[in-house]
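**Student:** Right, I'll just put the structure down here and ask away after.
Nothing in this text is a laboratory measurement; each read-out follows from the coordinates by a stated rule. Please read all numbers here as calculations on a predicted model, not as lab measurements. Quick reminder, even Gly has a Cβ in these numbers, built from the backbone with ideal geometry, and neighbours come from all protein chains shown.
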Amino acid sequence: MSKKSVLPSLVIAGAVSISASWHVSAADLPEIEERGYMSVATEDNYAPFNFMDGDDPDGFIEDILTELENYADFEIRQDILPWTGLLASVNSGKYDMALTGASVTDDRMRVFNYTPPFASAQHFYIKRAGDDRINSIEDLSGMTLGVQAGSALLSRLPELEEMLAESGGELGEVVEYEAYPEIYADLANERVDYVINSIVPVNDLISERPDEFEAGQAVSGPGFVAWPMPKDSPELLAYMTEFMDHLRDSGRLAELQEKWFGESFDDLPEEPITTVDEFHEMAGM
């Protein structure tokens, strides 16, 4: 059974950077097998990937953890962290990998390898239901955007800037938040005009709160959600790739995608992503 503990935000407050300058050697598969456990970092505030149901973690990743515990010959130890320090903690060597809804980005690819993707990460805008000011991407010009700090959404904002520039518009103020519940609260209260998130949490939000929010158009090209681990863990990457093959071949991956995302993603790459060039080729960038 996995070990679950919630760490207070103050423990790793401000630990957003994933610079390689303070990276220490992570444990690869032989060391994990020798010590008898793998340590994974998850988060608790990014539905439907990770969230809390009362005092218990829930979501797609929690089901994946159960599958991994049944598959692995070693124990899986889980700690639940705030998103803002999660990747930095993995990069520091404190955890062997992250099991969360982490989008693949150029900057992250320089520090991490990724398992084969398990979901799409194309970005869409969200507006308040009935907000007639916004009916297209062009209407976002000059408006205030809410987005999660340290997220992949920030790294791909230049794509939205280019879309706006084509119609003579420009990106407005960008307000960064620690977690999406805060962003959605401020969107509902008209403190921001729109929010950007990837397709899976967008679909989840709209299905849960259709009277409050509406989804708009895509504001990025294709993207992927996968699990990151340090680049000096090639055998662990191969092991987790085989685990993904097992989930896909057994049909369990599609079952969990349908359960949590409302659709299965049948055309995702089946190979790990280890370089920026590989990512760009897969995403058609």
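**Student:** Total Lys pairs in the chain closer than 28 Å by alpha-carbon, pairs eight or more apart in sequence or interchain only? Before the final figure, lay out each step's value.
**Tutor:** Values: Lys3/Lys94; Lys3/Lys231; Lys3/Lys259; Lys4/Lys94; Lys4/Lys231; Lys4/Lys259; Lys94/Lys231; Lys127/Lys259.
Value for the chain: 8.
**Student:** If I take R0 = 30 Å and measure r between the Cβ atoms of Glu212 and Asp58 in this structure, what FRET efficiency does the formula 1/(1 + (r/R0)^6) give, to the nearest 0.05? Walk me through the numbers before you get to the answer.
**Tutor:** Values: r = 22 Å, r/R0 = 0.73.
Result of the calculation: an efficiency of 0.85.
**Student:** Could you compute the net charge surrounding Asp277? Neighbours are other residues with a C-beta less than 14 Å from the C-beta of Asp277; K and R count +1, D and E count -1. Spell out each step's value before the answer.
**Tutor:** Numbers: positive: Arg110; negative: Asp106, Glu271, Glu278, Glu281.
Net local charge, Asp277 excluded: -3.
**Student:** Okay, moving on. For the chain, what does the helix formula give at 222 nm: sum of -39500 (n - 2.57) over DSSP H segments with n ≥ 4, over the residue count, nearest 500 deg cm²/dmol? Write out the running numbers ahead of the final one.
**Tutor:** Details: 11 runs with 100 residues, N = 285.
For the chain, the value works out to -10000 deg cm²/dmol.
**Student:** Round to the nearest 0.05 the FRET efficiency obtained for Glu69 and Thr275 when R0 = 30 Å and r is the Cβ-Cβ distance.
**Tutor:** In this case the efficiency is close to 0.45.
**Student:** Considering only DSSP beta bridges with both partners in the chain, what is the antiparallel share in %, to the nearest 5? Display every interim value, and only then the final one.
**Tutor:** On the way: 21 of 37 bridges.
Within the chain, antiparallel bridges account for around 55 percent of the total.
**Student:** Once you sort the root eigenvalues of the Cα gyration tensor of region 196-285 as a ≥ b ≥ c, which label holds: rounded (a/c under 1.5), prolate (a/b larger than b/c) or oblate (the other case)?
**Tutor:** Numbers: a/c = 2.42, a/b = 1.50, b/c = 1.61.
The shape class here is oblate.
**Student:** At 0.36 nm per residue, and after removing the present C-alpha to C-alpha distance, how many nm does the segment from Glu138 to Arg191 gain when stretched out fully?
**Tutor:** Details: separation 53, 0.36 × 53 = 19.08 nm, distance 2.01 nm.
So the chain would gain 17.1 nm between Glu138 and Arg191.
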